[in-house]
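Note sheet for the following structure.
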Amino acid sequence: MPLWTALKRGFTRRCPRCGQGSLFKGYLTMADQCSHCGLAFEPYRSDDVPAYFTILIVGHIVVPGLLALEKTVHPEYWVQMAIWMPVTLFGTLALLPFIKGAVIGTIWRSKQDK
């Protein structure tokens, strides 16, 4: 299976092997196994990698936006905080499960070569 297929299936929070069963049973809690093909998810731990990638992506959105707003409008600091704190929080919480799924899919695919 191509890496991109496993990555895409993980990003959609589906089983990287079959693409049918759910990868998660909660917000970030991994299911024990795939409900469709029975693949055990326990050997595929992502640890802190999804958080690092999520911070990288959200940071590359928030920081340029903050700097552009500062350079063009120069609002008060409380306005900057009122805008960028929620954007950072919601962006991080929205992306994290998808990034974790993509990392799990990539880990699963990399172990298939062994």
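The values are calculated or read from the model by the stated rules, or taken from the named source; none is laboratory data. Since the model is a prediction, treat every value here as computed from it, not as a measurement. Note that we place each Cβ from the backbone using ideal geometry, even for glycine, and neighbour counts take in every protein chain shown.
For the reader, a short list of remarks on this structure follows.
- Taken as a whole, the structure leaves residue 24 outside the set of residues that are aromatic (Phe, Trp, Tyr), within 21 Å of residue 2 (Cβ to Cβ), surrounded by 12 or more Cβ atoms within 10 Å (Cβ to Cβ) and at pLDDT 95 or above.
- Only listed residue being modelled with pLDDT of 95 or more, loosely packed, with under 15 Cβ neighbours inside 10 Å, within 27 Å of residue 20 (Cα to Cα) and acidic (Asp, Glu), chosen from 47, 32: 32
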